[in-house]
1. Of the numbered conditions (1) surrounded by 12 or more Cβ atoms within 10 Å (Cβ to Cβ); (2) of a type outside the set (A, V, I, L, M); (3) under 18 Å from B:Ser282 (Cα atoms), B:Ser220 satisfies every one except a single condition; which is it?
2. Is there a residue in the range B:265-279 that is at pLDDT 85 or above and either under 20 Å from A:Leu258 (Cα atoms) or surrounded by fewer than 22 Cβ atoms within 10 Å (Cβ to Cβ) (or both)?
3. What's the number of the only condition in (1) modelled with pLDDT of 70 or more; (2) more than 30 Å from B:Tyr235 (Cα to Cα) that B:Val18 fails to meet?
4. Of (1) outside any helix (DSSP H, G or I); (2) in contact with a Leu (Cβ under 8 Å, 6 or more places away or on another chain); (3) more than 12 Å from chain A (Cβ to nearest Cβ), B:Leu328 satisfies all except one. Which?
5. Step by step: first the residues of the range B:116-165, then only those that are out of contact with any Phe, Trp or Tyr (no Cβ under 8 Å at 6 or more places or on another chain) and outside any helix (DSSP H, G or I), then the one that is surrounded by the most Cβ atoms within 10 Å (Cβ to Cβ). Which residue is that?
6. Return the residue satisfying two criteria in turn: it lies in the range B:166-180 and is exposed (fewer than 13 other Cβ atoms within 10 Å of the Cβ) and within 27 Å of A:Ala296 (Cα to Cα), and of such residues it is nearest to the other protein chains (Cβ to nearest Cβ).
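The values are calculated or read from the model by the stated rules, or taken from the named source; none is laboratory data. Please read all numbers here as calculations on a predicted model, not as lab measurements. Note that we place each Cβ from the backbone using ideal geometry, even for glycine, and neighbour counts take in every protein chain shown.
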Amino acid sequence: MMRDAADTVTPGFQVDDPVALQQGFGQLLKQNRLAMIGLAVFVVFFCIALLGLGLTSGRNPTFDPSVVRLQEKLRPPLSKPNLETLSTEDVPRLGVYLFGTDDLGRDVFARMLQGAWVSLTVGFVAVGISVFIGIFMGGIAGYFGQRHTFIDTLIMRFVDIMLCFPSFFLILTVVALLPASMYNIMIIIGLTSWMGTTRFVRAEFLSLREQDFVTAARALGVSNFRIIFRHMIPNAIAPVLVSATIGIASAILTEAGLSFLGFGVPPPHATWGGILSDGKRFIFDAPWLTFAPGFAILIVVLSFNLFGEGLRDILNPKLRERQG
Amino acid sequence: MRFVHSTTRPSRKREDTVLSFIGRSVIQKTITLFFVSIVSFLIIHLAPGEPSQVDPLNPKFTPEMVERFRKEFHLDEPLHIQYTYFYRDLLTGKTVSWKDNQSVLGKIWERFLNSLPLFIVGTIITWTLSFPVGIRSAIFRGGLYDRNATFFSYLLISIPGFFFAYILIIFVVTQFHVPVIGLKTFGIGDAAWPRLFMDRVWHLLLPSILGATGGIAILSRYVRSQMLEVEGQDYVRTARAKGVPEEQVHYKHALRNALLPFVTMFGLILPGLIGGSVIIESIFSWPGMGRMAFEAILARDYPVILTVNFISAVLVLAGTFVSDLLYLVVDPRIRL
């Protein structure tokens with residue numbers, strides 16, 4: 001709730017001069033150290049997740065996250081496998097359990113690799129859905145709202161209704177009622193988080209539609225559809241990007257929370273929240289089962305938050321003037 | 001609290017507009033609530049599966065039992081009839097849980113009393129920590145303290161609650177050797193009262209801190225930005241120019257005006273009353289609202305789920321209403 005409040009007070013963005021913005025953008029990003037770190041971590045995470053998908057899937061994966069070695073239960077990180085008791089194909093590829101093993105003797109490193117892709121896709125697809133709905137609804141409400149008050153009222157009342165639901169509880173309810181699958185989770189997170197985007201896209205459109213370039217386009221007989229998508233959305237995209245970046249962070253957190261409660265991607269597929277949840281019975285004996293996925297989630301979410309906030313500062317014209 | 005700009009005596013006209021504002025919002029919020037009730041009802045009933053199918057392997061669940069169950073709870077009626085039955089029962093306080101046939105409102109009240117201490121302690125921690133941190137950050141903007149506070153607030157927003165919970169549990173249990181799971185230590189029954197008291201405090205502390213983390217991070221950033229905005233105003237510069245000591249500029253001129261938006265936040269914390277985090281209460285085996293809701297979801301106990309949803313929607317709407325109203329009261333510049 002408080003997060004919503006903080007989001008709505010964000011001052012509006014305006015792109016006065018796109019060329020200057022693009023030139024200054026890289027420079028400002030370099031000056032903002034935290035944002036740069038966030039971006040770097042994000043790129044690394046993206047590569048790891050892609051790599052993880054390649055290395056852990058297929059018939060004969062390089063890192064097999066599902067090999068059960070009951071004789072190698074709860075080995076601490078960096079411990080060497082006992083080669084005498086393991087058959088050759090069960091020996092971990094690196095020759096060492098980088099993050100240890102869990103209570104079934106599965107390699108936590110391989111499981112973490114597999115889980116990275118889940119976090120990444122859930123984050124991006126869920127936010128993609130919510131941004132799409134948000135731009136669409138906000139665009140319609142903002143562009144046609146003045147002439148057809150009915151549409152505007154309808155959409156904004158619907159936003160109010162959706163905001164009344166306690167979001168995590170709603171997501172949990174629907175996820176628990178539907179059959180467990182990754183796609184359901186993405187779609188549900190996306191369908192329950194578009195309200196903020198709708199609100200500020202509408203606000204942005206209300207001010208944009210009064211500007212000369214829109215009037216000019218209309219006078220030239222450009223169709224409404226083209227005005228919205230070709231002329232107005234590119235000018236309203238800055239705040240959407242910021243909120244999308246931060247939205248990815250919170251979607252990853254939500255997914256981890258669902259997995260932790262046992263409503264995530266169904267087993268045997270590993271997720272970070274799931275690894276942590278399985279390891280919670282051994283927090284004193286095998287703390288690496290808590291710390292490896294916990295820190296992974298923390299670092300990834302933190303990088304998205306830092307990058308998003310950095311973007312907000314960079315795209316905020318008030319700050320740009322002060323620095324320039 | 002006294003604010004710097006003077007309050008004009010409310011005129012007759014303003015009173016009328018306030019009344020009409022109240023009337024309009026009440027009507028609007030009732031309509032919203034009505035639609036919320038429909039939407040939540042539809043979401044739950046259109047999802048695949050039925051409560052009668054929860055335990056198909058249970059030999060006690062014969063087809064006759066299922067049939068009786070469906071009849072008892074009107075599950076064989078069309079949806080709109082079910083809807084009227086459900087909300088008629090809810091508004092007259094007669095809703096019963098499908099799981100144990102107990103009054104839903106009674107169950108919620110009992111769990112609410114368990115969650116209330118967490119909410120109160122969490123809110124107190126949030127508000128007493130956020131303000132000093134935010135104000136200090138704003139005064140020393142760009143300094144070491146500010147940068148550290150900024151980083152820590154991002155850290156607190158980003159850390160998954162369940163991970164933080166286990167870090168705290170490991171830390172407290174290994175360092176202080178106190179049990180922290182549950183409402184109180186099992187079997188502590190007849191210990192001396194100081195021990196009982198300390199036991200309750202330890203059990204209360206961790207879940208409250210966890211409930212407060214996100215709030216601290218967000219609220220302290222918000223305090224900082226409000227404070228910075230006010231510090232840039234002309235009257236603060238004037239105060240500084242006429243030689244008012246720095247301390248007084250910060251706390252008397254700037255802070256008092258920066259506090260204005262926070263008065264409205266008292267309304268926005270209302271929904272937290274019924275929130276009760278599902279994850280944190282599960283970890284700490286805390287028999288509060290969140291856990292009850294979670295158990296209801298697992299058991300497909302629709303009346304409990306819908307009632308929790310309905311009450312929380314009421315609280316959200318009441319919260320925004322109170323905050324609008326408070327804004328109106330503290331800031332006479334607001335036009336209706």
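1. Going through (1) surrounded by 12 or more Cβ atoms within 10 Å (Cβ to Cβ); (2) of a type outside the set (A, V, I, L, M); (3) under 18 Å from B:Ser282 (Cα atoms) one by one, B:Ser220 breaks only (3).
2. yes
3. (2)
4. All conditions are met except number (1).
5. Filtering first and then ranking leaves B:Ile159.
6. Ranking the qualifying residues of the range B:166-180, first place goes to B:Thr174.
Let's see how each residue does on (1) within 14 Å of another protein chain (Cβ to nearest Cβ); (2) closer than 30 Å to A:Phe63 by Cα; (3) hydrophobic (A, V, I, L, M, F, W, C):
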| site | (1), (2), (3) |
| --- | --- |
| A:Asp107 | no, yes, no |
| A:Thr121 | no, yes, no |
| A:Val125 | no, yes, yes |
| A:Ile135 | no, no, yes |
| A:Gly142 | no, no, no |
| A:Thr149 | no, no, no |
| A:Cys164 | yes, no, yes |
| A:Val174 | yes, no, yes |
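Yes or no, residue by residue, for (1) in a helix (DSSP H, G or I); (2) at positive phi; (3) more than 10 Å from chain B (Cβ to nearest Cβ); (4) in contact with a Pro (Cβ under 7 Å, 6 or more places away or on another chain):
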{"position": "A:Ile227", "(1), (2), (3), (4)": "yes, no, yes, no"}
{"position": "A:Ile248", "(1), (2), (3), (4)": "yes, no, yes, no"}
{"position": "A:Pro267", "(1), (2), (3), (4)": "no, no, yes, no"}
{"position": "A:Ala270", "(1), (2), (3), (4)": "no, no, yes, yes"}
